[in-house]
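Colleague: After the structure tokens below, expect a handful of questions from me.
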Amino acid sequence: MAEHEHVRVAVIGSGFGGLGAAVRLRREGITDFVVLERAGSVGGTWRDNSYPGCACDVPSHLYSFSFAPNPDWPRSFSGQEHIRAYLERVTDTFGLRPHIRFNAEVKRMTWDAEHLRWDIQTTAGDWSADVVVSATGPLSEPKLPDVPGLDAFPGKVFHSARWDHDYDLRGKRVAVIGTGASAIQIVPSIQPQVEKLTLFQRTPAWVLPRMDRPIGAAERAVHRALPFTTKLRRGLLWGIRELQVQAFTKHPGELGFVEQLAKRNMARAVKDPELRAKLTPDYRIGCKRILLSSTYYPALAQPNVDVVASGLTEVRGSALVAADGTETEVDAIIFSTGFHVTDMPIAERVVGPEGKTLSEVWSGGMQALRGASAAGFPNWMTIIGPNTGLGNSSMILMIESQLNYMADYLRQLDVLGGRAALDARPSAVRAWNHRVQERMKRTVWNTGGCTSWYLDAGGRNTTIWPGTTAEFRRATRRVDLAEYAVLRPADARPATGAENEEVAA
Ligand SMILES: Cc1cc2nc3c(=O)[nH]c(=O)nc-3n(C[C@H](O)[C@H](O)[C@H](O)COP(=O)(O)OP(=O)(O)OC[C@H]3O[C@@H](n4cnc5c(N)ncnc54)[C@H](O)[C@@H]3O)c2cc1C
């Protein structure tokens, strides 16, 4: 490899995961690290998703770092610009800027078995690192459907995560494709501006009212003066969500009454029975992500909105043809069609000792030990890896658990002394995933009668954690060395006999 800088740890990404990792590394006394970020600023999700109406759907006091409480959240569910500003502040407060290399997209990482390090090629030069912490985000690579004729569409086309703010939607005929978390925030925000809005809905969502409200000056002053009140608020928000988990994971039958609340939310705003029928899901609530909005249904009931309850199949000139044969002339198409999730994009760029990429190894589905380590990819871990997602609570809780695991991993390497690497044993990866998938069988995500982005191409749920966040916290408190083979440079092979184990997909 040509001239490059060597670091102990290379973190990839500067969203909540990457910034959290950087703070944790500094707190562990580790300063020999870089954060490689492909964009020109921090924020990840909250930098890239700037669509009208973008906000979190977990209350802000829970959707933030426990080590960086913010007494000044302006709303119970704060908007994108406030979350982005929060992450910029975290970056400055914890002195992370000197570590961050912007416009450094990681193109390829290759394991050097001789030197026990990762060689990392980026658009801003090369690095090598003892350990890679990959925090490239579960929802960061927009997914566009392959629609015949789209290339020849004469109007404007963009994805909700790459909003074109120079394009003026006023007076335009606009199609929104998709009815997920982004679409239900976009629709009510743009409906008053556009001439005509057509929503293409393949599957209706369950939508509960959104209990959003401004957090007043007095309330914020209390949080500032008495920091324990912010902690208390966070604790309550967390506890309520922990109590809900059992219904999702063990007793989906109990969720029927929540469906009634969602139906009432719809009935309040949508008086037309035909439209109500189109918008009523036929699967158990919770199977797909439960959405929160008090403005979505009222927007859909407006005279300038049409719902096409059928998928988009073709674009013919400026007409959008749906599976039910209807044609709609539009000036702009906004794809709100989600992200590459179960086919984690960074996996194509990670090359293990045998020359195989992680995506090749994961061709039968993603799996990692405790959501972090893949067998055969030593000293490489993910933040928000396989089966670490949540259906009803804050991803920051899961990120912080994974940071505990990362910190202990680095401590264990220190204890081992000399040059060493840890490679997850295939048997340990297998056992962990067996447990996860066994627990998954009863969950609403697998039994609720829907297809969702939680499931991979083979129908396996490789994204969601089927338990409470407290259980995951316990499972990631320490690295169990028995679950890893220790590699040393002398032979560069597992020193403990794990070489004959294979991961069964
Ligand atoms: C619109 C939207 C709303 C959401 N709302 C919520 C919510 O309310 N509650 C909740 O818990 N979760 C929510 N999520 C999920 C959210 O993605 C996570 O909560 C969290 O922000 C993920 O942080 P991250 O750091 O893992 O990933 P990201 O924030 O996606 O950051 C990943 C970073 O990695 C960089 N990167 C990617 N590939 C490379 C590469 N090859 N080289 C260099 N850099 C790279 C990206 O540019 C990005 O900056 C939402 C997601 C979206 C899209």
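Colleague: Does the range 426-443 hold any residues that are among the hydrophobic types (A, V, I, L, M, F, W, C), in contact with a helix residue (DSSP H, G or I) (Cβ under 6 Å, 6 or more places away or on another chain) and either closer than 15 Å to K250 by Cβ or not in a helix (DSSP H, G or I) (or both), and which are they?
Modeller: Residue satisfying the conditions is M440 alone.
Colleague: Could you list all residues from the range 70-112 that are assigned to a strand (DSSP E or B) and of a type in the set (D, E, K, R)?
Modeller: Passing the criteria: R75, R101, K107, R108, D112.
Colleague: When you scan the range 113-210 for strands (runs of 3 or more DSSP E) that lie fully inside it, which ones turn up with 3 or more residues that are more than 28 Å from P303 (Cα to Cα) and among the β-branched types (V, I, T)?
Modeller: 125-134
Colleague: Output the number of the condition that V207 fails; it satisfies all remaining conditions of (1) touching a residue at least 24 places away in the same chain (Cβ under 8 Å); (2) surrounded by fewer than 21 Cβ atoms within 10 Å (Cβ to Cβ).
Modeller: Unmet condition: (2).
Colleague: Only one of S128, S64 is closer than 18 Å to M381 by Cβ and among the small types (G, A, S). Can you tell me which?
Modeller: Step by step, each of S128, S64 is checked, and only S128 is closer than 18 Å to M381 by Cβ and among the small types (G, A, S).
Colleague: Hey, does the range 2-24 have a residue that's more than 8 Å from the ligand (Cβ to nearest atom), at negative phi, in a loop (DSSP other than H, G, I, E, B) and touching an Asp or Glu at 6+ places or on another chain (Cβ under 6 Å)?
Modeller: yes
Colleague: Do we have A175 as of a type outside the set (F, W, Y) and either touching a helix residue (DSSP H, G or I) at 6+ places or on another chain (Cβ under 9 Å) or surrounded by fewer than 21 Cβ atoms within 10 Å (Cβ to Cβ) (or both) here?
Modeller: It is false that A175 is of a type outside the set (F, W, Y) and either touching a helix residue (DSSP H, G or I) at 6+ places or on another chain (Cβ under 9 Å) or surrounded by fewer than 21 Cβ atoms within 10 Å (Cβ to Cβ) (or both).
Colleague: Can V147 be described as within 16 Å of the ligand (Cβ to nearest atom) and out of contact with any helix residue (DSSP H, G or I) (no Cβ under 9 Å at 6 or more places or on another chain)?
Modeller: In short, no.
Colleague: Any residue that is touching a Pro at 6+ places or on another chain (Cβ under 8 Å) and surrounded by fewer than 24 Cβ atoms within 10 Å (Cβ to Cβ) - is there at least one of those in the range 141-156?
Modeller: Yes, some residue in the range 141-156 is touching a Pro at 6+ places or on another chain (Cβ under 8 Å) and surrounded by fewer than 24 Cβ atoms within 10 Å (Cβ to Cβ).
Colleague: Take the range 25-39 and flag every residue that is within 12 Å of the ligand (Cβ to nearest atom) and touching a helix residue (DSSP H, G or I) at 6+ places or on another chain (Cβ under 9 Å).
Modeller: Hits for the range 25-39 are V34, V35, L36, E37, A39.
Colleague: Would it be correct to say that R89 is modelled with pLDDT of 95 or more and under 21 Å from T136 (Cβ atoms)?
Modeller: Against the criterion (modelled with pLDDT of 95 or more and under 21 Å from T136 (Cβ atoms)), R89 does not qualify.
Colleague: Looking at Q201, Q193, which is the one that is polar (S, T, N, Q), touching a Leu at 6+ places or on another chain (Cβ under 6 Å) and more than 16 Å from the ligand (Cβ to nearest atom)?
Modeller: Q193
Colleague: May I ask you to list the residues in the range 354-369 that are within 16 Å of the ligand (Cβ to nearest atom) and either of a type in the set (V, I, T) or buried (at least 23 other Cβ atoms within 10 Å of the Cβ) (or both)?
Modeller: T357, L358, M366, A368 - these are the residues of the range 354-369 that are within 16 Å of the ligand (Cβ to nearest atom) and either of a type in the set (V, I, T) or buried (at least 23 other Cβ atoms within 10 Å of the Cβ) (or both).
Colleague: When the residues of the range 40-69 are narrowed to those that are under 17 Å from G95 (Cα atoms) and aromatic (F, W, Y), which ends up farthest from the ligand (Cβ to nearest atom)?
Modeller: F67
Colleague: Can you spot a residue in the range 178-191 that is surrounded by fewer than 19 Cβ atoms within 10 Å (Cβ to Cβ) and not assigned by TED's automatic domain parsing to the domain that holds G352?
Modeller: Yes, some residue in the range 178-191 is surrounded by fewer than 19 Cβ atoms within 10 Å (Cβ to Cβ) and not assigned by TED's automatic domain parsing to the domain that holds G352.
Colleague: On to the next question. Which of (1) more than 11 Å from the ligand (Cβ to nearest atom); (2) surrounded by fewer than 22 Cβ atoms within 10 Å (Cβ to Cβ); (3) touching a residue at least 12 places away in the same chain (Cβ under 8 Å) does A85 not meet, given it meets every other one?
Modeller: Unmet for A85, out of (1) more than 11 Å from the ligand (Cβ to nearest atom); (2) surrounded by fewer than 22 Cβ atoms within 10 Å (Cβ to Cβ); (3) touching a residue at least 12 places away in the same chain (Cβ under 8 Å): (3).
Colleague: Which one is nearest to the ligand (Cβ to nearest atom) among residues in the range 391-413 that are buried (at least 21 other Cβ atoms within 10 Å of the Cβ) and in a loop (DSSP other than H, G, I, E, B)?
Modeller: Filtering the range 391-413 for residues that are buried (at least 21 other Cβ atoms within 10 Å of the Cβ) and in a loop (DSSP other than H, G, I, E, B), the one nearest to the ligand (Cβ to nearest atom) comes out as S394.
Colleague: Of the residues S336, S318, S394, which single one is under 30 Å from G239 (Cβ atoms) and not hydrophobic (A, V, I, L, M, F, W, C)?
Modeller: On inspection, the qualifying residue turns out to be S394.
Colleague: Restricting the search to the range 329-353, which residues are away from the ligand (no atom under 16 Å from the Cβ) and out of contact with any Lys or Arg (no Cβ under 8 Å at 6 or more places or on another chain)?
Modeller: G352, P353
Colleague: Same structure again: Got a number for residues in the range 119-130 being surrounded by fewer than 24 Cβ atoms within 10 Å (Cβ to Cβ) and either in contact with a strand residue (DSSP E or B) (Cβ under 7 Å, 6 or more places away or on another chain) or closer than 14 Å to F33 by Cα (or both)?
Modeller: Residues flagged as surrounded by fewer than 24 Cβ atoms within 10 Å (Cβ to Cβ) and either in contact with a strand residue (DSSP E or B) (Cβ under 7 Å, 6 or more places away or on another chain) or closer than 14 Å to F33 by Cα (or both) within the range 119-130 amount to 8.
Colleague: Among the residues of the range 327-347, which ones are farther than 19 Å from G44 by Cβ and either free of Cβ contacts under 8 Å to residues at least 40 places away in the same chain or surrounded by fewer than 18 Cβ atoms within 10 Å (Cβ to Cβ) (or both)?
Modeller: E327, T328, E329 - these are the residues of the range 327-347 that are farther than 19 Å from G44 by Cβ and either free of Cβ contacts under 8 Å to residues at least 40 places away in the same chain or surrounded by fewer than 18 Cβ atoms within 10 Å (Cβ to Cβ) (or both).
Colleague: Mind telling me which of the residues D151, D146, D168, D164 ends up being without any contact (Cβ under 8 Å) to a residue 12 or more places away in the chain and touching a strand residue (DSSP E or B) at 6+ places or on another chain (Cβ under 6 Å)?
Modeller: D164
Colleague: Still on this structure: Looking at (1) in contact with a Leu (Cβ under 6 Å, 6 or more places away or on another chain); (2) assigned to a helix (DSSP H, G or I), which one does T229 not meet, given that it meets all the others?
Modeller: Tallying (1) in contact with a Leu (Cβ under 6 Å, 6 or more places away or on another chain); (2) assigned to a helix (DSSP H, G or I), T229 fails exactly one: (1).
Colleague: Do you know which of the residues in the range 56-80 that are of a type in the set (A, V, I, L, M) and surrounded by 19 or more Cβ atoms within 10 Å (Cβ to Cβ) is farthest from A299 (Cα to Cα)?
Modeller: So the residue we want is L62.
The values are calculated or read from the model by the stated rules, or taken from the named source; none is laboratory data. Since this is a predicted model, take the numbers as computed values, not measurements. Positions of Cβ are generated from backbone atoms using ideal geometry, with glycine treated the same way; all protein chains shown enter the neighbour counts.
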